[in-house]
Each structure stands twice: as structure tokens, then as C-alpha cells.
1. Among (1) aliphatic (A, V, I, L, M); (2) more than 30 Å from A5 (Cα to Cα); (3) surrounded by 14 or more Cβ atoms within 10 Å (Cβ to Cβ), there is one condition I153 misses while meeting the rest; what is its number?
2. Tell me the residue from A8, A13, A32, A2 that is aliphatic (A, V, I, L, M), modelled with pLDDT of 65 or more and under 19 Å from S83 (Cβ atoms), please.
3. Would you mind stating whether I62 is aliphatic (A, V, I, L, M) and over 18 Å from T23 (Cα atoms)?
4. Which one of K100, K95 is at pLDDT 95 or above, crowded, with 21+ Cβ neighbours inside 10 Å, over 30 Å from D164 (Cβ atoms) and not hydrophobic (A, V, I, L, M, F, W, C)?
5. What pairs come up if the first residue lies in the range 1-14 and is over 20 Å from L78 (Cβ atoms), the second is part of a helix (DSSP H, G or I) and β-branched (V, I, T), and their beta carbons are under 9 Å apart, counting only those six or more places apart or on different chains?
6. Based on this model, can you work out whether E110 counts as farther than 16 Å from F37 by Cβ, out of contact with any Gly (no Cβ under 8 Å at 6 or more places or on another chain) and acidic (D, E)?
7. From the residues in the range 106-146 that are within 9 Å of the chain's Cα centre (by Cα) and surrounded by fewer than 17 Cβ atoms within 10 Å (Cβ to Cβ), which one is nearest to G167 (Cα to Cα)?
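The values are calculated or read from the model by the stated rules, or taken from the named source; none is laboratory data. These numbers were taken from a predicted model, which means no experiment stands behind them. Positions of Cβ are backbone-derived with ideal geometry, glycine not excepted, and every protein chain shown enters the neighbour counts.
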Amino acid sequence: MAAKALRADFFVAPQHFANALDTPSPAAIALAQSLTFPSATTVEVCEDNWEPEDDAEQPDAIVIDSMPHNAFPTASRLSIYSSKVRASGRRLLTKMPAVKRIDFRESTEEQAVGVLQAVGGERELECFEAWWVTGVGEGGLTWGDMAEQLPTIERLDVRVEVPDDLGDGDAAGEFGIACVKRLVEERTHGDTIEGLEGRYDIEWGWKYSRQQLILKRLDT
């Protein structure tokens, strides 16, 4: 069955584990060692209707480490649907040598960066989506400070939750601008950006009937 599966879904919840998460049973280890998904193109991991306390230990399926290192040899997409299962998602990522796209929902900035660090600075991603990112300071995202530890990303889609005390006015716009500038600072030189012709600035304004960040060309 695993050999023919085109998608591998993992549902994680504490009640699914008869043993402590850090001590998988011999039977669970033997099963994991035998699992490969040679036809799967997508791997998804989510929490199964689990509402933990704020200080609850996150379920971490250590048994995933027992899977073959190329358990998903052709899987190019990993979707992590909740920060509550990010630990298991990171372990699955190490079994996906062909991964090119990662979708991560409901994460903190630290957790999103941790997933990218698991990919490594020597690899490339076609797309990384991180939606509803929380825990970002008023100075904006800090990923640019550790660019050498992160993969090269062709398309980046990050949706950040604005700190409550900034409201939804100009301060929120300045926060968004700071996030973008911090992300691209490794590729910027004054008002130019590597890979793009011309000079640019980032502004906060109305476009397509909604407020958003706009990359504005200066020399047109």
C-alpha cells in the first residue's frame, strides 16, 4: 500500500502513542524501518483535533527517525498544518531528499526559521509559504541575520501577524516594510536589488482595493 501511495498523511495526537514519545516500542521501530513511499509526491502532517494546554509538551514522533533516510525519495512538497506538529514535520523533512516546496501554517517566527534550518544552507527551495506567523518583534523579521544557514528560496510567501500594539494604521505599514527589508537585506545595495533591474523602494498603500506593501520602481 505504501509503495503505491501518491500522498502520505500523518495525523499526530498524544493519544495515538501507547508508549512515551521518546521511547517508541520495538514493534513501532520495526514498522518505521520497513516503510518507504517511492511514489508519494506530497507529505502532509497535521494535528488530529488536538487542543493542548498552553504549556503541554508538543507530540514529537521520534519513531520517524527510524524510517529510511530516503523514505520519500520523490516527494517534493511538505505541508505542516499546525505549529503543534512542527517537531514531527521537521523529522519527516529529513527523509525527503527531493523536497522543493514547504507550506507551514500557524507558526512562530522561530519555528518557521527552524524548519528552514532543517533544510540547510546548501539546498534550494522553489517555494516556502509561512502563513499566520506570530512572535515577530516590531523591528521585523530577523531571517536575514542567518541567511547562510537557510536554503536559497525562489518564491517566498510570508504572512505575518502585526503586533497588537501597532494597530492597523501607518505603524502597521511601517512594520510590514521593516519585515520585507530585513528579508531582502542580503540582496539589497541601497535602492537596488540583486536580480532586478532598476532602483526600487517599498511603500505602504492601496492597490487592488486593499492596503498592502508595494515594490515601487523609482527610475520609470
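1. The failed condition is (2).
2. Sole residue among the options that is aliphatic (A, V, I, L, M), modelled with pLDDT of 65 or more and under 19 Å from S83 (Cβ atoms): A13.
3. So I62 does not fit the description; no.
4. On the way: K100 fails: crowded, with 21+ Cβ neighbours inside 10 Å.
Going through K100, K95 in turn, just one is at pLDDT 95 or above, crowded, with 21+ Cβ neighbours inside 10 Å, over 30 Å from D164 (Cβ atoms) and not hydrophobic (A, V, I, L, M, F, W, C): K95.
5. none
6. No; evaluated as a whole, the condition is false for this residue.
7. W131
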